[in-house]
There are 2 protein chains.
Amino acid sequence: MNLALWLIVACGVLSVVYGIVTTRALLAANAGTARMQEISNAVREGAIAYLKRQYTTIAIVGVVILVAAWLLLGIYAAIGFLIGAVLSGAAGFIGMHVSVRANVRVAQAATTSLAGGLDLAFKSGAVTGLLVAGLGLLGVTVYFLVLTTWLGFAATDRVVIDALVALGFGASLISIFARLGGGIFTKGADVGGDMVGKVEAGIPEDDPRNPATIADNVGDNVGDCAGMAADLFETYVVTIVATMVLAAIILPPDLQLIGMVLPLAIGGACVLTSIIGTYFVKLGASGNIMGALYKGVLATGVLSLIALVPIMWLMFGDMDRVIAVGDTVFTPWSLYFCGVAGLVITGLIIWITEYYTGTNRRPVNSIAEASITGHGTNVIQGLAVSLESTALPALVIIAGIIVTYSLAGLFGIGVAVVTMLALAGMIVALDAFGPVTDNAGGIAEMAGLPDEVRKNTDALDAVGNTTKAVTKGYAIGSAGLGALVLFAAYTQDLSYFIATAAEGSFFFGVGEVSFSLADPYVVVGLLFGGLLPFLFGGMSMTAVGRAAQAVVVEVRRQFRENPGIMEGTTKPDYGRAVDMLTKAAIREMIVPSLLPVLSPIVVFVAILLIAGKAAAFAALGAMLLGVIVTGLFVAISMTAGGGAWDNAKKSFEDGFTDSTGQTHYKGSEAHKASVTGDTVGDPYKDTAGPAVNPMIKITNIIALLLLAVLH
Amino acid sequence: MNLALWLIVACGVLSVVYGIVTTRALLAANAGTARMQEISNAVREGAIAYLKRQYTTIAIVGVVILVAAWLLLGIYAAIGFLIGAVLSGAAGFIGMHVSVRANVRVAQAATTSLAGGLDLAFKSGAVTGLLVAGLGLLGVTVYFLVLTTWLGFAATDRVVIDALVALGFGASLISIFARLGGGIFTKGADVGGDMVGKVEAGIPEDDPRNPATIADNVGDNVGDCAGMAADLFETYVVTIVATMVLAAIILPPDLQLIGMVLPLAIGGACVLTSIIGTYFVKLGASGNIMGALYKGVLATGVLSLIALVPIMWLMFGDMDRVIAVGDTVFTPWSLYFCGVAGLVITGLIIWITEYYTGTNRRPVNSIAEASITGHGTNVIQGLAVSLESTALPALVIIAGIIVTYSLAGLFGIGVAVVTMLALAGMIVALDAFGPVTDNAGGIAEMAGLPDEVRKNTDALDAVGNTTKAVTKGYAIGSAGLGALVLFAAYTQDLSYFIATAAEGSFFFGVGEVSFSLADPYVVVGLLFGGLLPFLFGGMSMTAVGRAAQAVVVEVRRQFRENPGIMEGTTKPDYGRAVDMLTKAAIREMIVPSLLPVLSPIVVFVAILLIAGKAAAFAALGAMLLGVIVTGLFVAISMTAGGGAWDNAKKSFEDGFTDSTGQTHYKGSEAHKASVTGDTVGDPYKDTAGPAVNPMIKITNIIALLLLAVLH
């Protein structure tokens, strides 16, 4: 098994090597004119300054938790926490460093061809994607190797399990802060900038006269690139860890180690298939950008489908070996088909997301059509689409649970989610591609490059909009499918602690904990969990609104006090907006981020005092499912709805023909109404919605750690 | 016990008598000038025409279901269904008939004094309120008497229980159609009318030049009055029935009949206290309208608090009698305190709703402030408030579950919800007051009455806004608190059927059904239930959007083709808008209404085919809780958010002073932005949000009936 682990480490190293090589190739590309570089430098400086301040703030919280983890759970958990936190931060930091250098080169490449721009932008995304998957895989595998080989712990030893869970916690903690802080920054700038620039002053997006425009481009990098990378890193790590914990607890003793290494092996294989897949992304003769990207995804998917067979065979030795877990009997083939189900689910979620957010489809057209009757109907229809868009993904997840559970029980669900997330390298590449093209467009506009260039970058950007929505649907979908795995990790841990409790310990004599829906404390837990995504969503929307209002006030002030800006004779003070947003985002991210960290503890203690230990454990467990049941819908509705609003606005840019045959263009009243919807969708899709995913995970991880601490 | 039942019938009759007497007094009031009566007649005709067509459509569906009920469940269930449906329709129909006659009289009374207008408007609301409670009480009590006395069935006989559940189903079915159809009509008119009138043409609300203005006033009556009355009638009846079913199943044999009559007795007593309470509504020297209404609520609450003691004593004979249900031991005093808890919860929900939707409070002010920076930030902040507003009510409900369950187990929760809903007479009076004052304002505007009159009706209308939000929070709150009662009715029924199944029957050998969260089919059920409110919300928002767009197109056409309308020289064609909306609303209400009716059956059959009976029952049960867990939050967020948007807009009417000390008035850019938010909030608070409540109930009732059918 050690050989397998070293091979997995090799896969992780390979992805890092891929990152280094590709970055070198990227940096060798032409970095454009002096003016372009000047703009790009301003964006880079702003982004790095923000990230430094964000990490400094998180570090303060992190050190407190590190010490607490050490005292409560021991040195190995503390080290695990540190590894998770540092690697999560590193994935975001490095990805963003590449992205802020790629933007100007993509803009330059787009001056000659669309294919050239696509190539560079996608490569930049792929670096981030493969770093997320590679670092995640390396972190878990190397630490697992160190603990079990050098330090000699048994793989299923509580020390190892606690250390892995703590590693997940480190990743989660960074991720919630990064998602939220970055999201508030980017959308504060975007919403604020658009409202004064586009709506009031009537100047285009990214116009250099808008004082918020550099901040907007900084935001793309710190939110959509660094924040997203931290989020997916966390999803990847937590899912692998949860499946490993499950394997350690529920599988028969002779299969525990195999079951723990399996998720890592799937991850390793899919890192390789993702690397190969990146080379399939080439613009065909049709010039279909989305098609080019999907070639990469499809190649990765098909190769993974093939690669999973030898993986299962190598791990289990015999594909027809009968594995019995409780009443469930399955074979490695069953697990293989669970992996296939995970890939199919990924494909379906991509397809559904594209349907709901893509231009020229019913949902987006209905929003564009509603814009013709005004701002109000635009927003109403957008909300309608956002609510409706939750149904199909939920049905896919439901089907996924039924199929994979029927195939191989709980562990089957785990294998499906792990396989789904094993594609993260490729999927994150699609997403990280978005902010780079968005920035490239901004640079082209601000540097006054010819219109054809802007047309190329706009074409790339429009696709980026949908791919961004896809990743979010994918991340939250995996959380929905993984709900039972996370919950099972909790319940199995709990019953193990109760069954093995020594007299006098906390778990002694707790008896059986009922998770029956007929138990009022279970319903209380479900309701409490259910309220978290709503409250969290409300808090983060408020934060963006406040940041955006501050930007509006600042931009209006600059326009008023310095009339030369609008005439194009003086340069606006870009730095002030960046600075202001940095402070606002950091300040606003603290309280909502602590909500999911503290809630499980508060619920547990409150119910413990009122109704005793068994009720408290039941309520805490139910809370974990409650947060997923509402969180899934809140997150999907926000991310898909926001994407649909955005593309409804884009529909007007090439002229939208309504049901009566009239065509409406940019600048029409209908277009203005669609800008309002887009503005509303911004914090929906890029702040509140995506942050629900790490929120769900962190709640689950805290519950697991709470059990470990009480033990 | 028969004497008690006859006394309860007497209470019900008294409420009907109150309705007749009060209506006579109302009709005796001055009906204003000929012009006012002309407008009022147009509104009345439109409303009655709509309601006729709506009931005809429902009747078609109803007859099909009636026949099905007869064939599947027997004659008594079919009659029960008919009683529930007819009474629910009657409550809405009569209430609306009073309301369309009261509107013009309130406008006339407001020409002399605010107090006079308030008095008439509240009396009109009180008629609807007491009819809802009185007819509900009469329907259940009389049918229960007939079945147990004349027909000689034992109170706990399945025939009686099935008949009562079917009665609840009849009420639910009418209610979902009425809420949705009325909601689509009223908000289609309101949104469409506002968007062309206020935003485009810049004419005030209810301006006679707006072709949609009569339709808007018709909508207030068919949606906010008739639809709301049907909804609350259903909530009242279903809650009483569910508690009766629970009593019949879980209480010890000697207490079953008492437990079944107790909810009716509480209802009877509270009808009396509500009637007395209405006489406490008097405008004090301070002229505080809200204060006057709350005097009535407070009086009713305090009197009910007192009346509950003799009720418990009369029912149980001894207040310290020990009642044992399973492991739970309680006394009539415990049940009394559960009732008190129900009243406290009602009070807290009113207080929280007022906080989130009242003018001059943080939430509404934050939306008004956000309007200053534009349409987008207004909507973002409104959504933030709507999401946030769910937290406190959910916590109150959680506390309610814990307290009442600790006091007296499941039956205690039932008593709390029944007591909460026993105040429906008074609470509905507050709500039905809203559309009357809204109409009165419209009539005053259209008839060109002096500004002081409009000021009086506006003052009444602003209060109506908050009271409308209160009722919705109250209805959905009771559903949240009652979740466990409804779920228990299902699980207890199920285990009874399984335990007593004859060989060869459907329930034979099903074994124990696990509702544990660790069961994947339970999670599947939760997720499926969870998606219903989202999908339903999306469908109803789309329906309103479509109706509103049609109105916008029609109004624009009239303005364009007939320029005399805006000059005030020709009258617009009001009838066309009313007609168009009638057809649209009826057409659009069908599919979403059938969603909760068919979903439980589809889920049950699908899981039955995949995984067998036990899994299917588990998934169906979990679905009932899933629909409540997300439905509670979706409904509260929509109704509170919509109310807050509406009052944020109203803040500008008297001038809103922002944080920099600047004051913004009606007609300012900020005010326009606030109108967009109000438009978005309209279908949120008056269509999609409130319809979630009957949707939850109907899902539960269908599940109960499914068990009865399979039996």
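The values are calculated or read from the model by the stated rules, or taken from the named source; none is laboratory data. Quick caveat: nothing in here was measured; it's all calculated off a predicted structure. Don't worry about glycine lacking a Cβ; one is built from the backbone with ideal geometry, like all the others, and counts go over all protein chains shown. When the accessible area is computed, the model is the full protein with side chains, heavy atoms only, and any ligands, DNA or RNA have been set aside. Shrake-Rupley method; radii C 1.70, N 1.55, O 1.52, S 1.80 Å.
Some points to look at:
- Size of charge dipole - segment B:193-272 - debye, nearest 20, with Cβ of Lys, Arg +1 and Asp, Glu -1, no other charges: 380 debye
- Between segment B:325-398 and segment B:630-699, the alpha-carbon center distance in angstrom: 15 Å
- Nearest-10 value in Å² for the accessible area of A:Arg587, using the 1.4 Å probe: 150 Å²
- ³J(HN,Hα) computed for each position of segment B:388-400 - Karplus, 6.51 cos²θ - 1.76 cosθ + 1.60, integer Hz, glycine/proline x: 5, 5, 7, 5, 5, x, 5, 5, 4, 5, 4, 4, x
- Accessible surface of B:Trp70, taken over heavy atoms with a 1.4 Å probe and every protein chain present, rounds to 140 Å².
- Taken per residue, the accessible surface of segment A:1-710 reaches 29 Å², heavy atoms only and a 1.4 Å probe.
- Peptides B:568-579, B:653-664, A:297-308, B:206-217, ordered by how many other C-beta atoms sit within 10 Å of their residues on average, highest first, read B:206-217, A:297-308, B:568-579, B:653-664.
- Residue among A:Gly655, A:Phe337, A:Gly227 farthest towards the positive dipole end of segment A:1-710, charges placed on Cβ: A:Gly227
- For segment B:1-710, the relative contact order comes to 21 percent (Cα pairs under 8 Å, sequence separation of at least 6).
- Between segment A:266-287 and segment B:131-145, the Cα center-to-center distance that results, in Å: 68 Å
- Average beta carbon contacts from partner chains per residue of B:503-515, 10 Å cutoff: 1
- Ordering of B:233-242, B:363-372 by packing is B:233-242, B:363-372, highest average first (other Cβ atoms within 10 Å, averaged per residue).
- Structure-based [θ]222 nm, chain A - -39500 (n - 2.57) summed over DSSP H runs of at least 4, per residue, nearest 500: -28500 deg cm²/dmol
- In chain A, a dipole from Cβ-located charges (positive for Lys and Arg, negative for Asp and Glu) runs towards its positive end, and of A:Thr471, A:Val146, A:Thr500 it is A:Val146 whose Cα lies farthest in that direction.
- Dipole orientation for the protein assembly as shown: of the candidates B:Ala307, A:Ala673, A:Ser15, A:Ala673 has the Cα lying most toward the positive pole (charges on Cβ; Lys, Arg +1; Asp, Glu -1).
- Residue pairs, from the table A:Lys187/B:Lys666; B:Lys468/B:Lys571; A:Lys198/B:Lys649; A:Lys697/B:Lys472; A:Lys672/B:Lys649; B:Lys295/B:Lys472, whose Cα atoms sit over 26 Å apart: A:Lys187/B:Lys666; B:Lys468/B:Lys571; A:Lys697/B:Lys472
- Overall form of segment B:1-710 per C-alpha gyration tensor (a/c, 1.5; a/b vs b/c): prolate
- Percent accessible area from carbon and sulfur atoms, segment A:1-710, protein chains only, probe 1.4 Å: 65 percent
- A simple spin-label model places the labels of B:Thr663 and B:Val602 5.5 nm from each other, with each point 7 Å out along Cα-to-Cβ.
- Inter-chain shielding of A:628-641 (mean C-beta neighbours from other protein chains, 10 Å cut-off): 4
- Trypsin sites (Lys or Arg not before Pro) within segment A:147-198: DSSP coil, no more than 16 neighbouring Cβ in 10 Å: none
- Convex hull volume of the C-alpha atoms in the protein assembly as shown, normalised per residue: 159 Å³.
- Inter-chain Cβ neighbour average for residues A:192-202, partner chain, 10 Å: 2
- Global form of segment A:1-154, assessed from the alpha-carbon gyration tensor, a/c cut-off 1.5: oblate
- Each 10 Å bin from zero up to the one holding the largest Cα-Cα distance in segment B:311-419 carries the following percent of pairs: 14, 32, 20, 16, 12, 5, 1.
- Here the peptides A:45-54, A:480-489, A:596-605, A:425-434 are ranked by packing, the mean other Cβ count within 10 Å, and the order with the highest first is A:425-434, A:480-489, A:45-54, A:596-605.
- Charging the Cβ of each Asp and Glu at -1 and of each Lys and Arg at +1, and nothing else, the dipole of segment A:1-710 about its Cα centre rounds to 700 debye.
- The B-A contact accounts for roughly 6200 square angstrom of buried accessible surface, both chains included, probe 1.4 angstrom.
- Globularity index of segment B:262-368, i.e. its alpha-carbon radius of gyration over 2.2 N^0.38 Å: 1.39
- Taking Cα atoms only, the orientation of helix A:289-316 departs from the longest principal axis of chain A by about 10 degrees.
- For segment A:532-555, a decrease in accessible area of 10 Å² or greater in the assembled protein chains relative to the isolated chain, with a 1.4 Å probe, applies to A:Phe534, A:Leu535, A:Gly538, A:Met541, A:Thr542, A:Gly545, A:Gln549, A:Val552.
- Nonlocal amide H pairs with B:Leu283, under 5 Å, H built at 1.01 Å: none
- Remark on A:Thr657: its backbone amide H falls under 5 Å from those of A:His664, a criterion applied only to residues 5 or more positions apart or on other chains, H modelled at 1.01 Å from N.
- Estimated dipole of the protein assembly as shown in Debye, rounded to 20 [Cβ of Lys and Arg +1, of Asp and Glu -1, Cα centre]: 400 debye
- Here the label points at A:Arg35 and B:Asp327, each 7 Å from Cα along the C-beta direction, are separated by 7.7 nm in the simple model.
- Alpha-carbon centroid distance for the pair segment B:185-244 / segment A:463-514, whole angstrom: 45 Å
- Amide H within-cut-off set for A:Phe515, under 5 Å, with H built and near neighbours excluded: B:Leu517
- Interface burial in segment A:662-684, defined as at least 40 Å² less accessible area with all protein chains than with the chain alone at a 1.4 Å probe, covers A:Val680.
- Across segment B:103-169, Cα pairs under 8 Å and at least six residues apart give a relative contact order of 17 percent.
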